[in-house]
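One structure is given here, and the rest of the page talks about it.
Read the figures in this text as sums done on the coordinates, not as results from a lab. The structure displayed is predicted, hence computed values, not measured ones. We place every Cβ from the backbone using ideal geometry, glycine too, and count neighbours over all the protein chains shown.
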Amino acid sequence: MTPFEEDLKKALAKCEPPDGFTERLAERIASLPARKASPMYWRWAAVAAAAAILFGGVAREHQHHLEGEAAKEKLLVAMRITSSKLQQAQQQIEEVERKQ
Amino acid sequence: MKQPFLKILLVGLSLSCLCVAEEFKIPDLEKLAQKAKETVDVTLDQSMLQLASGFLSKDDPDEAKVKKLVAKLKGIYVRSFEFAREGEYSAADVQAFRNQLKQPGWSRIVGVKSVEGENTEVYVLKNGDQFGGLVVLATEPKEFTIVHIDGPINPEDLAELSGHMGIPELTKPKSKADKKEE
């Protein structure tokens, strides 16, 4: 038997584990967190949350657009009334001047 | 010690009086609104004006003019009531506005009365060389309108808008030379 074969034999020789090794190993395995497979509902929840954020953003943008258009319309109404009243005053002045 | 303090107090008080005096506010006109057949109530403060301005196109020449006009304004307030019958508003209702406009800074630049009872008054708030505000008070037997434009405004800018976007056309006042030609 060559020295190499002797080393190999020693390395592969059967040996008993230290005392309490099995118990310690079992305890350690029990203390590890259980790995569960990702349930489908978490994926759906993520999709729903993303959709809600997207929908909220679109709804807010739409609301802003409606408010802006309403404000613009109000502004134009105000301009029309102001101008019509100024025009009325101008016509009255012209009429007075014409009579004079 | 007392005299400088009193001077400062008096100057402060007079300044605060001036500031308050220039403010014009349209009061709650709910009583008139209840009697009216038609009501127009426009309240656009600075933030609403900015919002409205954001929706006016820069490329459209008419909208661009309005955008420029409202850029410096602090607010536009319009109350217009049309009644089914005459006498639904009192002279005291109108006088309340006139009293507010007697405050320092405000001047009446137009006052027209007609036999038919169509009266229009235009007041401006003088702010140095320019106008710091405009109030139009127009009354007819069955109509009452008050317009308050708060902020720097030039009536000529308003005239520029006339004839566009449904705004009635304001004809330019005729000069004496024009009248002679006629």
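Any idea what the alpha-carbon Rg over 2.2 N^0.38 Å comes to for segment A:7-99?
3.38
What distance in nm separates the simple spin-label points at B:Ser90 and A:Asp7, each placed 7 Å from Cα in the Cβ direction?
Spacing of the two 7 Å Cα→Cβ label points: 11.9 nm.
For peptide B:78-87, compute the average count of partner chain beta-carbon atoms within 10 Å of each residue's beta-carbon.
Details: counts 8, 1, 5, 0, 0, 0, 0, 0, 0, 0.
The shielding value for this peptide is 1.
Summing -39500 (n - 2.57) over the DSSP H runs of n ≥ 4 in chain A and dividing by its residue number, what mean residue ellipticity at 222 nm do you reach, to the nearest 500 deg cm²/dmol? Working shown, then result.
Values: 3 runs with 80 residues, N = 100.
Value at 222 nm, helices only: -28500 deg cm²/dmol.
Between A:Val96 and A:His65, how high is the FRET efficiency from 1/(1 + (r/R0)^6) when r is the Cβ-Cβ distance and R₀ = 45 Å? Nearest 0.05. If you can, show how the numbers build up before the last one.
On the way: r = 47 Å, r/R0 = 1.05.
Efficiency for this residue pair is about 0.45.
Based only on other Cβ atoms within 10 Å, what is the fewest-to-most ordering of A:Met79, A:Met1?
Working: A:Met79 26, A:Met1 7.
Ordered by Cβ neighbours within 10 Å, fewest first: A:Met1, A:Met79.
Mind checking the mean number of beta-carbon atoms from other chains within 10 Å of the Cβ atoms in B:47-55? Intermediate results must be reported in sequence, preceding the final value.
Details: counts 1, 7, 4, 2, 8, 11, 4, 4, 10.
That average works out to 6.
What GluC sites (Glu not before Pro) does segment B:108-161 have in DSSP loop regions with at most 12 other beta carbons within 10 Å?
Values: sites: B:Glu116, B:Glu118, B:Glu121, B:Glu143, B:Glu156, B:Glu160; in loops: B:Glu116, B:Glu118.
Taking segment B:108-161 and a limit of 12 other Cβ atoms within 10 Å, the loop GluC sites (Glu not before Pro) found are B:Glu116.
If each residue of separation counts as 0.36 nm, what is the full-extension length gain between B:Ser114 and B:Asn99 once their alpha-carbon separation is subtracted? Numbers along the way, then the final one.
Numbers: separation 15, 0.36 × 15 = 5.40 nm, distance 2.15 nm.
Length gained between B:Ser114 and B:Asn99: 3.2 nm.
Roughly what angle does helix A:40-99 make with the longest principal axis of chain A, taking Cα atoms, 0 to 90 degrees, to the nearest 10?
Relative to chain A, helix A:40-99 is tipped by roughly 10 degrees.
Roughly how crowded by other chains is peptide A:44-57, in terms of the mean Cβ count from those chains within 10 Å of each of its Cβ atoms? Don't skip to the end; give the middle numbers.
On the way: counts 0, 0, 0, 0, 0, 0, 0, 0, 0, 0, 0, 0, 0, 0.
Averaged over the peptide's residues, the number is 0.
Starting from the amide H of B:Asn127, placed 1.01 Å from N in the peptide plane, find each other amide H under 5 Å away whose residue is 5 or more places distant or on another chain.
B:Gly132
Report, by chain and number, residues whose modeled amide H sits under 5 Å from the one on B:Gly111, excluding near sequence neighbours (fewer than 5 apart, same chain).
B:Val122
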